[in-house]
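The values are calculated or read from the model by the stated rules, or taken from the named source; none is laboratory data. As the structure is a computational prediction, the values presented were derived from the model and not from experiment. Please note: Cβ atoms are built from the backbone with ideal geometry, for glycine as well, and neighbour counts cover all protein chains shown. For accessibility, only protein heavy atoms count, side chains too; no ligands or nucleic acids. Shrake-Rupley method; radii C 1.70, N 1.55, O 1.52, S 1.80 Å.
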Amino acid sequence: MNKIYPYIIDNKRLAGYYELLLDDNYKVKVFNKKKDKEIYDTFLPMIKEYMFWTFNVTSKTEFNNLSNDLKGTVCAGYKCNIFEKKDTLVICFNTGVCFVVTSDKKEVQKLVQYKEKEKMREINLSEDTAYDAKIEKDTMLYVYILELYKMINLNKLQNEIQNPNIFEKTRKKFVEFTQEIFNVTISEKFDEKEQRQIEKWEKELKLDKKYIEVENQFELLYKNYNLNDNKNETLFLMMLIGVVIIIGIINLIIGS
């Protein structure tokens, strides 16, 4: 049975990582509007653009003929990429959050090594966690991946906001994440059973609770950093006034 194994890589080296996957005989999964009609018809345009950009590939042959380094560079320009090799899928988002979907544990061990496990520990998630993929439809598999991604990326953002040097950059990533994926409707074509399953996943992963928690931390730290900035500005202004007064007194003394 297939399982889903999450891991995290350095998002600054995505192009190189994609090239390594391609060199290891993974192929970029190029979706076709006819062959993958259910996926194309199910997901709304924003989600298709976010996860399944290869629907827009006009010539599969021309794309496949690109060198691996060029393919890696092209893929790194998109929000999400899906690679396949035999019965294994690798799904990577531009944040560095990735997933292996497979029943092949050796393939998992090859892809998820010490550095990737360490990055999972850094955001307080178990590096050995695997999620069951008892899902018959591909559409629902991708929905589950998306829900898992939301949970992991929220933990990643929560860890990053602790660093004041990159706070503003992280805050912008949080806003982007909210606008592009978290608050976006996935589809309007799920039946009642599928909708209940999605709601069950969201509840199990505590997505709403985690989002509110991270949002509150952003607001608190933002106010705190602004307060410190105001204190620094006030202190600087007082020092400046003091210097002006001293210079004025010196000038009066010299003038007299």
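Find the residue count for segment 141-168, including only residues that are over 20 Å from residue 206 (Cβ atoms), at pLDDT 90 or above and touching a helix residue (DSSP H, G or I) at 6+ places or on another chain (Cβ under 9 Å).
Residues flagged as over 20 Å from residue 206 (Cβ atoms), at pLDDT 90 or above and touching a helix residue (DSSP H, G or I) at 6+ places or on another chain (Cβ under 9 Å) within segment 141-168 amount to 1.
Test residue 136 against the criterion of being in contact (Cβ under 8 Å) with a residue 12 or more places away in the chain, closer than 23 Å to residue 37 by Cβ, over 15 Å from the mean Cα position of the chain (by Cα) and open to solvent by 30 Å² or more (accessible area, probe 1.4 Å), and give yes or no.
no
Suppose the filter is part of a helix (DSSP H, G or I) and touching a Lys or Arg at 6+ places or on another chain (Cβ under 9 Å); does residue 120 pass it?
Against the criterion (part of a helix (DSSP H, G or I) and touching a Lys or Arg at 6+ places or on another chain (Cβ under 9 Å)), residue 120 does not qualify.
Could you list all residues from segment 30-75 that are basic (Lys, Arg) and either in contact with a strand residue (DSSP E or B) (Cβ under 8 Å, 6 or more places away or on another chain) or part of a helix (DSSP H, G or I) (or both)?
Once the filter is applied, which keeps residues that are basic (Lys, Arg) and either in contact with a strand residue (DSSP E or B) (Cβ under 8 Å, 6 or more places away or on another chain) or part of a helix (DSSP H, G or I) (or both), segment 30-75 yields 37, 48, 60, 71.
Pairs under 7 Å by beta carbon, first residue assigned to a helix (DSSP H, G or I) in segment 215-229, partner at pLDDT 70 or above and of a type in the set (Val, Ile, Thr), six or more apart or different chains?
What qualifies is 217/161; 218/161; 221/161.
Exactly one condition in (1) farther than 30 Å from residue 219 by Cβ; (2) in contact with a strand residue (DSSP E or B) (Cβ under 9 Å, 6 or more places away or on another chain) is false for residue 149; which is it?
Among (1) farther than 30 Å from residue 219 by Cβ; (2) in contact with a strand residue (DSSP E or B) (Cβ under 9 Å, 6 or more places away or on another chain), the lone unmet condition for residue 149 is (1).
With the structure loaded, tell me whether residue 96 is farther than 22 Å from residue 187 by Cα, open to solvent by less than 70 Å² (accessible area, probe 1.4 Å) and without any contact (Cβ under 8 Å) to a residue 60 or more places away in the chain or whether it fails that test.
Spelling it out, it is not the case that residue 96 is farther than 22 Å from residue 187 by Cα, open to solvent by less than 70 Å² (accessible area, probe 1.4 Å) and without any contact (Cβ under 8 Å) to a residue 60 or more places away in the chain.
Consider residue 125 against the criteria (1) in contact with a strand residue (DSSP E or B) (Cβ under 8 Å, 6 or more places away or on another chain); (2) under 17 Å from residue 7 (Cα atoms); (3) of a type outside the set (D, E, K, R); (4) not in a loop (DSSP other than H, G, I, E, B): it satisfies all of them except one. Which criterion is unmet?
Exception for residue 125: condition (4).
Given the residues 108, 90, which is the only one that is within 21 Å of residue 145 (Cα to Cα), modelled with pLDDT of 95 or more and of a type outside the set (S, T, N, Q)?
90
Out of the residues in segment 31-73 that are at pLDDT 95 or above and among the polar types (S, T, N, Q), state the one that is most open to solvent (accessible area, probe 1.4 Å).
Looking at the filtered set, the residue picked out is 73.
Give 191, 128 a once-over and let me know the one that is over 23 Å from residue 48 (Cα atoms), open to solvent by 70 Å² or more (accessible area, probe 1.4 Å) and not hydrophobic (A, V, I, L, M, F, W, C).
128
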